1. Could you look through the stretch A:213-241, keep only residues that are within 14 Å of chain B (Cβ to nearest Cβ) and charged (D, E, K, R), and pick out the one that is least open to solvent (accessible area, probe 1.4 Å)?
2. Given the criteria under 17 Å from B:Val284 (Cβ atoms), basic (Lys, Arg) and over 18 Å from the mean Cα position of the chain (by Cα), does B:Arg79 qualify?
3. Test A:Lys349 against the criterion of being within 30 Å of the chain's Cα centre (by Cα) and surrounded by 15 or more Cβ atoms within 10 Å (Cβ to Cβ), and give yes or no.
4. Anything in the stretch A:303-342 that is small (Gly, Ala, Ser) and touching a Ser or Thr at 6+ places or on another chain (Cβ under 8 Å)? List them, or say none.
5. Can you work out which of the residues in the stretch A:242-263 that are under 21 Å from B:Ser156 (Cβ atoms), away from chain B (no Cβ under 12 Å) and touching a Leu at 6+ places or on another chain (Cβ under 9 Å) is most open to solvent (accessible area, probe 1.4 Å)?
6. Suppose we keep only residues that are surrounded by fewer than 22 Cβ atoms within 10 Å (Cβ to Cβ) and in a helix (DSSP H, G or I) within the stretch B:157-183. Which one would you say is farthest from the other protein chains (Cβ to nearest Cβ)?
7. A:Ile213 fails exactly one of the following numbered conditions: (1) in a loop (DSSP other than H, G, I, E, B); (2) touching a helix residue (DSSP H, G or I) at 6+ places or on another chain (Cβ under 6 Å). What is the number of that condition?
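The values are calculated or read from the model by the stated rules, or taken from the named source; none is laboratory data. The structure presented is a predicted model; accordingly, all values stated were derived computationally and were not measured. Please note: Cβ atoms are built from the backbone with ideal geometry, for glycine as well, and neighbour counts cover all protein chains shown. Ligands, DNA and RNA are excluded from the accessible area calculation, which covers all protein heavy atoms including side chains. Shrake-Rupley method; radii C 1.70, N 1.55, O 1.52, S 1.80 Å.
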Amino acid sequence: MIVSRGEKVRRFMVMLALTVCFSTSVYFLTESAVTAQDLVVNRKAEGISLDPAKTTTMEDYMVMGNIFSSLFRFKTDSFDLRPDLATEYRVSPDGKTYTFKLRQGVKWHKGYGEFTAEDVEFSINRVKNPETKSPYARNFANVAKVEVTGKYEVKMELKQPEATFLQNLTVTRPCSGLIVSKQAVTKLGDGHGSQPIGTGPFVFQEAVPREKIVLVANPDYYEGAPKLKRITFVPIADETTALMALESGDVHITQIENVRLLQKYQNHEKLNVITGPRISVHMILMNTKRPPFNNVKVRQAMAYAINTDEIINGILSGFADKPTGVIHPQMFGYTADVQRYPYDPQKAKTLLAEAGYPNGFKTKVVVLIYGQWQKVMELVKAQLAKVGIDMAIQMLERGAYVQARAQETTELVMFGVSLPPDPDFVMRDFHSKNAPPGGLNLSRYSGVDDLIEMGSQEMDKAKRSQIYGEIQKRMAQDVPAVVLYHPKWTQVVNKRVRGYTVERMGGFWLFPVSID
Amino acid sequence: MKTYLLRRLLMMIPTLLGIGTVVFIIIRLAPGNPAEILLGDYATPEAVALLKEKMGLDRPLYQQYGLYLWHLLQGDFGRSYVTNRLVLPEIIRHLPYTLELAGAAVLLSILIGLPAGMVSAVKRDTLFDRISMVAALFLASMPLFWLGILLMLFFSIKLGWFPLIGAGDPASIDALRYLILPSMALAGTPTALVARITRSSVLEIIEQDFIKVARAKGLEENRVVLKHVLKNAMIPVTTVIGLNMGQLLGGSVVIEMVFARPGLGKLLIDSIHGRDYFQVQGTVIIIASLFVVVNFLVDLTYSLFDPRIRYQ
């Protein structure tokens, strides 16, 4: 058969096109192979820095908790501390001097030598030093001196006894307790925030801004080599996308704030919904220095008028605990023996009338655009309307919210906080010395100042517990805040992930984890 | 022509300075300041004051503005408050993801919209015409993020063909796999617009006398349509494509959030949240420059399609 040159070219082109089509479709149809023990975690957003003295974001803590260690660590199943870089400690009878014996033979990542007492001294002093401009300088303001008393022994002297001192030295938020390498920070300077050196189970490998942070296993970790070979943290802000990425297998773990999205995943073939205790409180803070909220009857009326059950069961699908006050039921010193405010609109109206507002009043709440807060506030608005309180809702993004909530004219603020388990951390925000600007006592409450100070310095557990009981009773009378609920950690996890439990401070502790 | 080019290029300078000024003012009008946001809830007021001073935010506004302009004119966009990295390299790092995305979307909208519009016009009032115009209406009115989610559900979760999030390495062929779904989502609206504009402008041209002449002198119908009709119909179509580039850059912000792509849009959103003034200013100026340049190129292409348009 004679084939013309043009025909040959045409046939060749057709074959070429077919080959290209075939190979590309095979290429596209092959799923990207994920190597075993290669875990992908959604941290939701870009962080600020991986330097423990610098960052304030949860997103950084999620990563850093796996790179760094501190003197103590919370147990995975309770809020008790266990030794980590410290092996044992002694406190002097006056509660002012702590001596820590340190773990020996711990290696810094990437050949930065051995961990010693000098690193502890350096880390604490670095946070304290105003030059560092650390947001956590306050945490160690009470530390008078850190002294190296041996290669593996360090002594810390406090200005006055501090019941929460050990928790400040723990892997938790705030991150100030994470120990950094003196040699690495000195050598890397500001660069330490983007190439952190720790002693934890995973070693920092690379960070691609807005795309991923990759950690690899540290075979020399002092509690043994982790089972996972690699962890990739990705920043998926949109929770719908994050859940789809879990369904497709691109991501293994994510925290979800919009709990309504979780219903679909309750009985999923590939995914589990898991919850965990979260020392957190979401509440409406009332400005006790401004009318009408300077009147305790108005504040009590607010508490009677708001139906927290409806919020928890309706909007939060039950993924939250019912509160009795600011202190979480799992915190040290919690008591349920306080005045309660069951939903009672009639009583609220009576109290309002007694306070001189028989027809209610107008007010405004400042709210951060976050999770389910808008829906929660819309429900609260409807509940308050029933007793004549007309509450406008001002939804703001973070920068604007931070400014608006501290203003003197602001009457109501929707506020939420997740903190370490000691009650002192949350109570500090109700001390009058922490009123804005510069502090978070947004209700400008001053009714328990004396007790907060006693509680923070009392070293006797029984006495301390009594103090916090008294605080809760007084606050239940004064109602500087209507506590709406205690949220839980709500996460969706691929069923192939083994050994994973929710880290109670909101991070991801991935040392015990493996993939089937 | 040369003077025209020069004049247009020079005109870009005041345009961009104007944009720079507007962004400078707007981002500072937004409540909240970078030092407070960066240091978080538990910082001491002293630390905040110290940081403000280091950031230069304690200076009067006119001084900040003067310094900013002075540095800008030297091509210095400043440093990010949050990462302390130089703004321009950061933008350049994120730029390829957005350019790839917008470029792929434009390409898709031309490849699909143009033939669809032409066939609709030539086969006016047939079933094809009806279906394609309803489809265009549907695409044009669909919110971007929703289209993105639908595509994800179908192609990533149901069929498992494409990765759902991220962007891959922009320099490798692998990036294509990551590009397909977001660019399809982003191409929805422009495809519909291109199809509709092509259809109406082809319909207009096809009635003109010179087309009748072309047919009368016995030209093949395909040649009539491709050579005479299409070329004349391209001017409004090009305008629409050019104007759409701006919308695509805006739309890429949404798509990058939905698909978690590390592009300019995501960079911009993050820096606005952190009140990262220099990063916001730099990013907006670069996006605006892209828009200005694209519009300029679109204006130039007019003369290719219609030789009567000559720039003096």
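1. Top of the filtered list is A:Glu239.
2. Judged against the criteria, B:Arg79 is a match.
3. Against the criterion (within 30 Å of the chain's Cα centre (by Cα) and surrounded by 15 or more Cβ atoms within 10 Å (Cβ to Cβ)), A:Lys349 does not qualify.
4. Those that are small (Gly, Ala, Ser) and touching a Ser or Thr at 6+ places or on another chain (Cβ under 8 Å): A:Gly333, A:Ala336.
5. Filtering first and then ranking leaves A:Leu261.
6. B:Ala175
7. (1)
Residue by residue, here is whether (1) part of a strand (DSSP E or B); (2) at pLDDT 95 or above; (3) open to solvent by less than 20 Å² (accessible area, probe 1.4 Å) holds:
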{"residue": "A:Tyr468", "(1), (2), (3)": "no, yes, yes"}
{"residue": "A:Ile471", "(1), (2), (3)": "no, yes, yes"}
{"residue": "A:Ala476", "(1), (2), (3)": "no, yes, yes"}
{"residue": "A:Val482", "(1), (2), (3)": "yes, yes, yes"}
{"residue": "A:Tyr485", "(1), (2), (3)": "yes, yes, yes"}
{"residue": "A:Val492", "(1), (2), (3)": "yes, yes, yes"}
{"residue": "A:Val502", "(1), (2), (3)": "no, no, yes"}
{"residue": "A:Met505", "(1), (2), (3)": "no, no, yes"}
{"residue": "A:Phe508", "(1), (2), (3)": "no, no, yes"}
